[in-house]
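Here is the structure we will look at.
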Amino acid sequence: MQSIEDRIITSISKRGRGTIVSPLDYAGYGDSKAVQKAFERLAVSQKLIRVARGIYCYPKIDKALGLGVLYPTFEEIAAAIARRDKAKIVPTGIYALNKLGLSTQLPMNVVYLTDGSSRKVKLDGERGIQFKHTAKKNLAFQNDFAMLLTFALREIGENNLTAEQLAHVQELIKSVPIETIKKDFALIPAWIRKIILASYE
């Protein structure tokens, strides 16, 4: 009979390298302490890497360039935490601007708004993810692009948007069917709605 540890790593390996998991994903493999211990042993043996408390990764390995273990991105880790906590998230601040190509800065600590609990998650080195609670209605968007766009532009501010940034944003908007964005107009500030509508003219 396979050990819990072997069963877990067999299951994870079938999902492929880069997979991010939590012990909660394998709650059916044994009692919580046994599953947690199995994950800890897999991390010690370097079959998995622990990227945050309760979050592990079956890492990709770069052999071509000799880079070794490739750590998951902020986005991948945040998505795994949100999935585990059954929460909705959206990047905000500089990270939101970076994701839309409105800033080249990539902060060491990124901030997400969430309808879950507020918390800070420490990653490797100086990196970290901060989740800030917000009301569910603020994240009730149907279109993820519309949600990201809204929070990114609110970060810049209506009077601080440069002509270059506006042109870039309008190109991004044009690549998304207007019908999918219009569904979220009730959640989007009037000045951002004007930018969206003008992009399709």
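Pairs of Cα atoms under 8 Å, at least six residues apart: use those to get the relative contact order of region 1-157, whole percent. Mind showing how you got there, number by number?
Details: 222 pairs, mean separation 26.4, N = 157.
The normalised contact order for region 1-157 reaches 17 percent.
In the structure displayed, which of LYS33/LYS122; LYS122/LYS174; LYS33/LYS137; LYS37/LYS137 lie more than 32 Å apart, Cα to Cα?
Values: LYS33/LYS122 23 Å; LYS122/LYS174 37 Å; LYS33/LYS137 37 Å; LYS37/LYS137 39 Å.
Beyond 32 Å between Cα atoms: LYS122/LYS174; LYS33/LYS137; LYS37/LYS137.
Provide the per-residue ³J(HN,Hα) series for region 161-173, in order, calculated from phi with Karplus coefficients 6.51, -1.76, 1.60 and θ = phi - 60°, each as a whole number of Hz, with x at glycine and proline positions.
So the Karplus estimates, Gly and Pro as x, are 6, 7, 4, 5, 5, 4, 4, 5, 4, 5, 5, 5, 4 Hz.
About its Cα centre, what dipole magnitude does region 4-70 give when the only charges are +1 on Lys and Arg Cβ and -1 on Asp and Glu Cβ, stated in debye to the nearest 20?
Around 120 debye, computed over region 4-70.
Can you list residues from other chains, or at least 5 along the same chain, whose modelled amide H is less than 5 Å from the amide H of THR134?
Residues meeting the criterion, in which the H sits 1.01 Å from N, are THR114, ASP115, GLY116.
Which whole-Hz couplings ³J(HN,Hα) result when phi for each residue of region 112-118 is put into the Karplus expression 6.51 cos²θ - 1.76 cosθ + 1.60, θ = phi - 60°, listed in order with x for Gly and Pro?
10, 8, 9, 8, x, 7, 6
Please give the calculated 222 nm ellipticity per residue for the chain, where each DSSP H segment of at least 4 residues contributes -39500 (n - 2.57) and the sum is spread over every residue; nearest 500 deg cm²/dmol?
Values: 8 runs with 84 residues, N = 201.
-12500 deg cm²/dmol, from helical runs alone.
Amide H of LEU123 versus every other amide H placed in the peptide plane: which residues, excluding those fewer than 5 positions away on the same chain, fall under 5 Å?
Counting only residues 5 or more places away or on other chains, the set is GLY128, ILE129.
Relative to the longest principal Cα axis of the chain, at what angle does helix 32-44 sit, 0 to 90 degrees, rounded to 10?
90 degrees
Using the Karplus curve 6.51 cos²θ - 1.76 cosθ + 1.60 with θ = phi - 60°, work out ³J(HN,Hα) for each residue of region 147-157 in order, rounded to whole Hz, and write x for Gly and Pro.
Computed from phi, the couplings for region 147-157 are 5, 4, 4, 4, 6, 5, 5, 5, 5, 6, x Hz.
Taking amide H atoms as placed 1.01 Å from N in the peptide plane, list the residues 5 or more away in sequence, or in a different chain, whose amide H sits under 5 Å from that of THR19.
Answer set, sorted by chain and number: TYR58.
How large is the charge dipole for the chain, taken about the Cα centre, if only the Cβ atoms of Lys, Arg (+1) and Asp, Glu (-1) carry charge, to the nearest 20 debye? Each step should come with its number before you reach the end.
Working: 30 positive and 20 negative charges, 137 e Å.
Charge dipole, the chain, about its Cα centre: 660 debye, nearest 20.
Pick the calculated Cα extents along the principal axes in Å for this structure from (1) 42, 39, 33; (2) 76, 46, 33; (3) 65, 39, 29?
After the calculation, the listed value that fits is (3).
Find which of ALA140, SER103, PRO91 sits farthest along the positive direction of the dipole of region 74-201, computed with +1 on the beta-carbon of Lys and Arg, -1 on that of Asp and Glu, about the Cα centre.
Farthest towards the positive end: ALA140.
Values in this text are rule-based calculations from the coordinates and carry no lab data. Just so we're clear, the structure is a prediction, and the values are computed from it rather than from any experiment. Positions of Cβ are backbone-derived with ideal geometry, glycine not excepted, and every protein chain shown enters the neighbour counts.
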